[in-house]
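Before any comments, here is the structure.
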C-alpha cells in the first residue's frame, strides 16, 4: 500500500501529481533544483529535497540522486510525470530495484515502445494499421517498386533508404510520374549517401493527429478513454488539444479504441498510456507511436470522461483493479486545452525569459488551470517554455471555444511574452471554429495578424499616457522631496483594505 | 502637458492639464485610472467604459495588456521631443526603435544594410539562442539607422543590435 509519493518532476505536472496525492491522502515529496526553491511544487508538497544545480542534467535528470532521496525520506512510490525520466526504462528498473513502486508502465513496455522499429513490428503483429509502404530495408528494382506502388496507392513518397533531411525524397501524385521520381531520387540518394536504394511510403494528405488514451491494470484489464484531437501544432509541438475530435464519430472512436486496447494488451501494458495515430482525409488511421507515460494533454480526457487519470495511475500502481469497465466510459461535453508557453508568437515563437511581475488567472464556470507559475516567478532558460495549461469544458464545441476565449482574455501574464494572444486569434479563426484543420494548419493556413479594433488601441494609448504623466509628476515631486502621489495612493488603498 | 503616443503606425496626441482633464486628439474625454496594490494592474474607466489593464514599462516602451491583446506603446512628451531636436513634422512617427537581444546568443544574419528603408514586419536581425534561430522584425516602418553587430558576434542579454529611425 502506498503512503508517500516522490514526484520526480517540476512545473505544472508536479503540481498536478501532488494534488492527486493529497486527494488520496498520500504524502507528497518534492525534489527541486537550485532554480526552483520557490516553485509551487516545492511549497505544496509535504517534504522537499534539493537535488542539485539548475541544469536538468544535474538535477531532474539525476535518477541516482532521486532514488537516494526516496530511500532517505521513506517514499514508497515514484511518479515521473512526463519528460525528464518518464520514458527512461533504466530509471524505472532502478526504482524497482530500490524496492520502490514505479508509478508508470512496466520497464519492458517503455523499452519496446521506445525502439520505433521494434514497436512498428510489434504493432503490425497485433493488427494495428501502419502507414502503407514497402518497408525501409527493401532492395527493390524499379519494376518491383512500380508494381508495389499500385498496392500502396497514390499520392506516395519515394524515400532514400539511407536518407534524412528530405534528400532523395520525392512526392508523387500519379503513376505516370513515378519512374522519373524513382530515377531522380536514386541519383540524389547515390550522390548524398553513396547508396541508391529507395523505398515507397504512402503520403498522408491533410493528416490529423488523433490519439487514444489507454488505462490498464496489473490484472490484464485495459480500457480506452476515447480520443484527443492534437492537430494544432507547430514544429511538431502540440499547441491546442481537444476531446473529443470534431472528425471522430462513435463508430470510428470504438474502432480506434478497440485497436489501441488490443495493442496495449499485446505488450502487457499497464498504467496510463497513449497510442498516437495519423488520420487521413478518408478517415483511415495509421499508428504513429505509443507514449508510455502520462501525457501533457491528459486533462481534456479527464474533463469529458470524469476519470482522474493521475489518481488511477496511483491506484493501479498499488496493485488495485481498474475501477471502470469500457461500458462505464462515456464522453460528455467538449474540452479544449491551450498550452500557455513563454514564447513570442509574433516573433517566430522566440522563447521569452524573465520575471512574472503581474498575474491574473482565469476562473469561473468550466475553467481549469494547471499552472507551474506564480506572481514573482522567474522563467529561466533551463527548462521548457510551458508556463501553464488552460483547460475548459463546455456543453458543446461552440460553447467550449467561446469559454476558452473568455478565459484567455481573463488570463494576464505580465513581464513575458506568451502564446495567449495567438490562442485568442486561433479561437477567432473561422476554420478552427469549423473544425477544418490538419497538422499543417498553423504553419501554412493561419496568419497571426488579426488587427485589434481602434477603440482598444485608444484605451491602451490613454492608459500608457496616464502612467507616463504620473511618472513625470512623480519625478518633479521627488525632486522636491515630498512623497509621491503613487505612494500616497498606495498607502490609502492599503488602509482602505484594512478597514473593509 | 502634451504627449505624443505611438502604437505601431497609429499616433495620438494626448493632453493632460493641471486638473487631470484628458484631451485625446483634440476631444475632451472622461478618463479615470487607478492602480491596484498589485502594481502592474490598473482599472481605467473612459467615458464609463471599464477596462482592466496590466501594464509594465521597459526601455521607454509601455507593454499594455487589454482584453487579451498586447500593445507596445511609446509615450513622448512634447518637451522631450523638442529637446531631442527631431526635425520631422507632426503626424510622422518618430523616435528610434531599438532592437535588443532578449537573451544571450549568437548573431547569425543581418538581412538589411545601414540606411535601408524597412517596412514593419521586415526581418532585420537573426539571432541564435536556446538552440533556436530567432528572427527579429522591424516594429514599424523606418530606416535602418545603426547596426551594432555582425554575423558571428556573440551578444549579451539586452545588448542593442540595431536601431530603426
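Points to keep in mind about this one:
- Summarising the overall dimensions of region A:142-202 from its C-alpha atoms, the Rg and Dmax are 10.4, 29 angstrom.
- On Cα atoms only, tilt of A:142-152 relative to the major axis of chain A in degrees: 60
- Order of A:72, B:100 under a 10 Å beta carbon neighbour criterion, fewest first: A:72, B:100
- Put simply, the convex hull of the Cα atoms in region B:97-164 casts, on average, a shadow of 3.7 nm².
- In terms of surrounding Cβ atoms within a 10 Å radius of their Cβ, A:276, B:32 rank from fewest to most as B:32, A:276.
- Take each residue in A:413-426, count the other chain C-beta atoms within 10 Å of its C-beta, and the mean is 3.
- Percentage relative contact order, chain A, counting C-alpha pairs under 8 Å, at least six apart: 13
- Pairwise Cα inverse-distance average, inverted: Kirkwood Rh of region B:2-83 (Å): 13.8
- Relative contact order (%) - region B:97-164, alpha-carbon pairs under 8 angstrom, separation at least six: 45
- Here region A:208-445 is treated as a sphere whose radius is the Kirkwood value from Cα pairs; by Stokes-Einstein at 4 °C and 1.567 mPa s it diffuses with a coefficient of 70 µm²/s.
- Put simply, the Cα atoms of region A:225-282 extend 33, 25, 18 Å along their principal axes, the longest span coming first.
- Ranking of A:61, B:37 by count of other Cβ atoms within 10 Å, fewest first: B:37, A:61
- Kirkwood hydrodynamic radius of region A:5-132, from inverse mean 1/r over distinct Cα pairs, in Å: 15.4
- Pair residue A:255, residue A:477: separation of 7 Å Cα→Cβ label points (nm): 7.1
- Other protein chain C-beta atoms within 10 Å of residue C-beta, averaged over B:10-18: 4.
- Once the mean of 1/r is taken over each pair of separate Cα atoms and inverted, region A:4-64 shows a Kirkwood hydrodynamic radius of 11.3 Å.
- Stretch gain in nm, segment residue B:39-residue B:157, where the contour uses 0.36 nm per residue and the Cα spacing is subtracted: 39.9 nm
- Compared with the dominant principal axis of the Cα atoms in chain A, helix A:178-193 is inclined by about 70°.
- Square roots of 5 times each gyration tensor eigenvalue, C-alpha, region A:173-236, largest first, Å: 40, 17, 13
- Principal axis extents of the Cα atoms in the protein assembly as shown, from largest to smallest and rounded to whole angstrom, are 82, 65, 46.
- Between the Cα long axis of helix A:11-24 and the first principal axis of chain A there is an angle of about 90°, rounded to the nearest 10.
All of the numbers you see were taken from the coordinates with simple rules; none came from a lab. Owing to the predicted nature of the structure, the values given are computational and were not obtained by experimental measurement. FYI the Cβ positions are ideal-geometry reconstructions off the backbone, even for glycines, and counts take in every protein chain you see.
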